[in-house]
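One structure below.
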Amino acid sequence: MVAELGESNLPTELWDGELIMSPAPSFYHQEVVARFYEALSGWVRKNQLGKTGISPLDMVLTNTRATQPDVVFISNVRLDIVKTRLMDAADLVAEVISPNSRRRDRIDKRDLYEQHGVKEYWLIDPEARTVEVLHLLHGEFQLVGSWQAGESAESQLLKGFRVNVADLFGVA
């Protein structure tokens with residue numbers, strides 16, 4: 001089923017064999033995605049840890065489940081999953097929450113990513129101006145922390161990787 005999906009600029013995901021298409025994200029959403037991607041990608045490249053990707057990019061979890069996370073990181077030891085699409089769960093996934101994706105990102109994708117072994121899940125919420133980091137421990141996501149403007153969110157998976165929350169949201 002996944003192999004049949006054509007290229008599209010619209011966010012398109014496959015849930016239990018059903019195509020779910022979303023409207024294109026807002027300009028601000030994409031600015032936040034780009035800021036996070038730039039920070040993560042630069043840090044990963046500098047430390048030679050693996051590869052990063054930015055949406056739209058399919059992450060195929062099963063023949064009937066594929067998502068398009070906003071930002072992904074794949075460690076050097078797992079680069080074999082990088083094909084024309086990601087053919088397994090990335091090590092780190094970040095989703096920038098849109099008003100119409102709140103439930104999907106916070107509940108549906110959280111559960112899906114947990115089941116498929118995503119090691120770290122970043123939930124970036126432009127409306128609340130918060131960043132939450134969840135780390136997989138014994139098969140379950142545990143909250144590492146929740147940060148707001150004036151603080152820096154940090155990774156448990158990528159020791160030393162930090163993001164200034166105000167900078168992420170373009171807040172002075």
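We did not get these values from a lab; they are worked out from the coordinates using the rules stated. Just so you know, these numbers come straight off a predicted model, no measurement behind them.
Rounded to the nearest 10 degrees, the angle from helix 27-46 to the longest Cα principal axis of the chain is 80 degrees.
Normalise the Debye intensity by I(0) for segment 2-168, one equal point scatterer per Cα, no solvent, then take log10 at q = 0.08, 0.13, 0.16 Å⁻¹ and round to two decimals. Those come out to -0.21, -0.58, -0.91, one per q. Using C-alpha pairs below 8 Å separated by at least 6 residues, the relative contact order for segment 2-168 is 15 percent. Note that segment 120-135 has calculated 3J(HN,Hα) couplings of 8, 10, 9, 10, 10, 10, x, 5, 7, 6, 10, 10, 10, 10, 10, 10 Hz, one per residue in order, obtained from phi through the Karplus relation 6.51 cos²θ - 1.76 cosθ + 1.60 (θ = phi - 60°); glycine and proline are x.
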